[in-house]
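Just so it is clear, none of the values below were taken in a lab; they were calculated from the coordinates. Quantities reported herein were computed from a predicted structural model and do not represent experimental measurements. Note: ideal-geometry Cβ built from the backbone for every residue, glycine included; neighbour counts use all protein chains shown.
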Ligand code: 9Z3
């Protein structure tokens, strides 16, 4: 899903993505090819250091890398929306709807279930164990006492104690690794890095792809270098399609992984059918289908067998608790089934 977000108060240009199928130029075709996407993307900052952290985390937590690990199942949770810059020195960008709440809550339940979690998240989005803190937490949660010392406000003491306790436990166990992204270029390079690291040690890890990933983008080599000027009047832009990386994830980067993708729609008439198409087209193990209007209250679990709906019973409950319970069961079955020579879940 796309929404347009500008850093300027009242943009006077018009970004007009084509709603008909335009005839594709050779450049557009190249932009939709995974290899040229990566070849032209701006390189990740500190790529070697990030790769080393991911590999060390996997080796420490799994037991496939030399036998010294802790034997935890590994899951990569993606969370938050990717941005599409419109300028290389970015002033304006297109954003995707996602607060990161689903990914953050799911991470907590995966950790509780004994998983090691690589939390690939949008910078500034919702973080595990911080979901219940107010947006202006610094002002609401802290107080200055009579001796001019800063302390936690009595009203938030229980909440803060629990959040810090749970977070510290996860960090002490070394079972949570946070990897941030902002743009579609960073996200896809990091996803490839995680996926190839997971498969290089022969792991049947899980990919839980809750991030809202851009469908359209401006290729880096055809992007304006400097801020687009408004003096020329309205602006028309043609966006290229982001290559379908779910296929690449499944077929090349992590063929042994247990892959769960999400399908978000606004029209209930097409949701299940679109999720079913994603399931077969990209060979996902499960697609979690949700509607924008109700995604906090219910999801449909679409599989090769029967579909099932998960609903939350009250506002005090996290829907993610039920989702993760079901997925971890299916993942165990998948690992066991693979050892026995079957792959169906
Ligand atoms: C989802 O559908 C997530 O459930 C939400 C979670 C983004 C709705 P929040 O972060 O929201 O808790 O605020 N994620 C996937 C969205 C998406 O872009 N899916 C693509 C599609 O639908 C496939 S990768 O085509």
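Sort 44-54, 206-216, 140-150, 298-308 by the packing proxy (mean of other Cβ within 10 Å over each peptide's residues), most packed first. Walk me through the numbers on the way to the answer.
Values: 44-54: 13.3, 206-216: 23.3, 140-150: 9.8, 298-308: 15.7.
Highest mean packing first, the order is 206-216, 298-308, 44-54, 140-150.
Please work out, to two decimal places, the log10 of the ratio I(q)/I(0) at q = 0.09, 0.11 Å⁻¹ from a Debye calculation in which every Cα of the chain carries one identical scatterer.
Results for the chain at q = 0.09, 0.11 Å⁻¹ read -0.54, -0.80.
Of all DSSP beta bridges located in the stretch 62-201, what percent are antiparallel, nearest 5?
Details: 5 of 18 bridges.
Looking only at bridges with both residues in the stretch 62-201, the antiparallel portion is about 30 percent.
I want the antiparallel fraction of DSSP beta bridges within the chain, as a percent rounded to 5. Present the calculation step by step, with values, prior to reporting the outcome.
Details: 18 of 47 bridges.
The answer is about 40 percent antiparallel.
Given 0.36 nm per residue, what is the gain on full extension from residue 200 to residue 27 after removing their alpha carbon distance, in nm? Show your work: numbers first, answer last.
Details: separation 173, 0.36 × 173 = 62.28 nm, distance 3.31 nm.
Gain on stretching residue 200 to residue 27: 59.0 nm.
Could you give the distance between the Cα centres of the stretch 273-337 and the stretch 118-148, to the whole Å?
When both Cα centres are located, 29 Å separates them.
I'd like the antiparallel share, as a percent to the nearest 5, of DSSP beta bridges with both residues in the stretch 257-345.
Values: 7 of 13 bridges.
Of all bridge pairs located within the stretch 257-345, approximately 55 percent are antiparallel.
Per DSSP helix of 4 or more residues, -39500 (n - 2.57); summed, then divided by the residues of the chain. What does that give at 222 nm, rounded to the nearest 500? Each step should come with its number before you reach the end.
Working: 10 runs with 117 residues, N = 345.
Dividing the helical sum by the residues of the chain leaves -10500 deg cm²/dmol.
Compute a Gaussian network model of the chain, connecting alpha carbons closer than 10 Å, and tell me which residue from 264, 319, 235 fluctuates the most.
235
Highest mean first, how do 125-134, 225-234, 105-114 rank when packing is the count of other Cβ atoms within 10 Å averaged over residues?
Values: 125-134: 17.1, 225-234: 9.9, 105-114: 21.7.
Averaged packing, sorted descending, gives the order 105-114, 125-134, 225-234.
Binning at 5 Å from 0, report for the stretch 257-345 what percent of all alpha-carbon pair distances ends up in each bin.
Pair shares across the bins are 3, 14, 24, 23, 19, 10, 5, 2, 0.
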